[in-house]
Every structure is written in C-alpha cells, then in structure tokens.
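Computed from the coordinates by the stated procedures, all read-outs in this text should not be read as laboratory data. None of the values given here were measured: they were computed from a predicted structure. As a convention, Cβ positions derive from the backbone with ideal geometry for all residues, glycine included, and neighbour counts pool all protein chains shown.
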Amino acid sequence: MGGSSSTPTASLTKWTNAVGDDALDAPAFKALRGRRVVLASSSPRRKDILASVGLHAEVVPSTFEENLPKSDFVGAAAYEYPIETGAHKALEVYKRLMSEHPEDPPDLVIAADTVVVKSEEIMEKPKDAADHARMIGELNDGMCEVITGVTIIHPILHAPGYQVRSLSEITKVHFADNPAEVLQAYLENGEGSDRAGGVDIQGKGAMLVKSIEGDYNNVVGFPLFSFCAFLHELVETEQLTFDGV
C-alpha cells in the first residue's frame, strides 16, 4: 500500500534550499532554512508528500537491505518492524554522508518504512498471482493497519555526535464487502502486485476501500501531520537545535 536499486551518490555541495518559499513560516521550517535536509528514500511518494508543505529534501536513498528477520517481529512486535527498519536506513545514510564528505555534513536525515499488518502479521508484496488473490480475499470485508516508522538523525555536540529519534503512526484501512467480480477485475488489472498487501490505495484499489481511520498520507507512505508536529515540538523545546554544530 505504502512505499531501485541503483548505487546512491552523495551530493558534493551543501543544499541551502530545502525549505522553499512555499513553506509556512513555522518554527520547524524556520530552523531548517539553509540547512542540509536529506531524505533517505527513493520513494517519489515520500518526496512529494514532504514537498507539499514546502520541504524539498535532497534524496539520498539508503543502501540498507531491509532484511531484518520478520520472524523476530511476530504478534505485537510486528508494530516495531518499520521503526527498526527506518532507523537502520537513516543511520546508514547519515554515516555514509559523514564519511564521504565530512566537510558537507547533513543537518537532518529523514528515513521511513511502511508496512501493512493484518492480525498482527506483516503482509509482504504478493509473490505471484495466486498469492495476490489470497491477499485480496483476506482483506475484503476486513481491516488492516498501515504502520509507518519515521526516524530523524541530527548532529549533536557530544558522543556519538548524532541523535536518533523515531516516531510511528498507525492508520486503519477498512475494506468494503466487494463482490467477487470486482475483486477479479482488480486482480486481472495487475495493480497492487508490487505493493505490500497487494492494494494501491492511490489507484484503482481505492474502489475496494470503504473507510480510513487516521492519516491518509500515512497509507501513501509518510505520516505528514505526525512528522511535522514532532519537528515543531523538538524545535520549540530546543531538543532540535543547530547552534554550535
């Protein structure tokens, strides 16, 4: 539901326009003006969601394999999986950029990971057409949870030289009791075969969904409200400051 492997390359010049003129004059955005803000993701959806509020982050995809054993995240622990994965992504990019270009360090690295959970079990991308049909059948007339873990990393003056902070957001997606003909038509279309849970809610998959409880952007791949509120709180309480770093 939410969201290449090419070798990422780091920017050689400091970004000074991460916060655009279209951003609100809010505390967090004021603090980030002129700072190097990096999005550790190749997801165009996450980039677009951030850009919608005027945050135009530099894109440096993480090389983390996203291979944490899901057997370690069963039951209630499934909700921790995207937080752990997002933290690994952010840390890999932050350390790589610091190592490759210490003269041009990132001021803020943002990473995220989104998973679909049903009955406390993480739903993968469909393996094949039969698996896609199974997933769609399980979701029909039921509910799943879309969970995104977001991690930010920023420099601090004391060891280890950086601070890792994370948040998570859960959105419940309720599926209608769709007739078999509609489900079959969706499967034959092929949409969703590359998405966790097998449904693209931004596309034709929206026809299958009855209602959403929570942040729609979270289902797309990035919980914008929670992220912005988190940043604002950190800036207002002086937990996120760039003075002296």
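Here MET123, MET207, MET1 are placed in order of increasing Cβ neighbour count within 10 Å, fewest first, which gives MET207, MET123, MET1. For the pair the range 114-184 / the range 23-96, the C-alpha centres are spaced 15 Å from each other. When the alpha carbon coordinates of the range 18-84 are projected onto the principal axes, the ranges are 46, 24, 19 Å, largest first. Taking other C-beta atoms within 10 angstrom as a stand-in for reagent exposure, LEU91, LEU39 fall in the order LEU91, LEU39, fewest first. Only Lys, Arg, Asp and Glu carry charge here, each on its Cβ (+1 for the first two, -1 for the last two); on that basis the range 180-222 has a dipole of about 60 debye about its Cα centre. For the chain, the antiparallel share of DSSP beta bridges with both residues in that region comes to about 85%. Dividing the Cα radius of gyration of the range 145-245 by 2.2 N^0.38 Å, with N the residue count, gives 1.51.
Cα-based count: Lys pairs in the chain below 24 Å, eight or more positions apart or different chains? Lysine pairs meeting the criterion: 27. Over the Cα atoms of the chain, each weighted equally, I'd like the Debye log10 I(q)/I(0) at q = 0.13 Å⁻¹, rounded to two decimals. So the normalised log intensities are -0.81. Percent of Cα pairs in the range 190-240 per distance bin of 10 Å, from zero to the largest separation: 22, 37, 21, 15, 4.
Both radii are taken from the alpha-carbon atoms of the range 48-116; with Rh as the Kirkwood radius, Rg/Rh is 1.05.
Residues LEU68, LEU208, LEU231 in ascending order of nearby Cβ atoms (within 10 Å, fewest first): LEU68, LEU208, LEU231. Simple spin-label estimate for ASP243 and ALA26 gives 2.3 nm between the two label positions (7 Å along the Cα-to-Cβ direction from each Cα). Near VAL53, once Lys and Arg are set to +1 and Asp and Glu to -1 for all other residues with Cβ below 13 Å from its Cβ, the sum equals -2.
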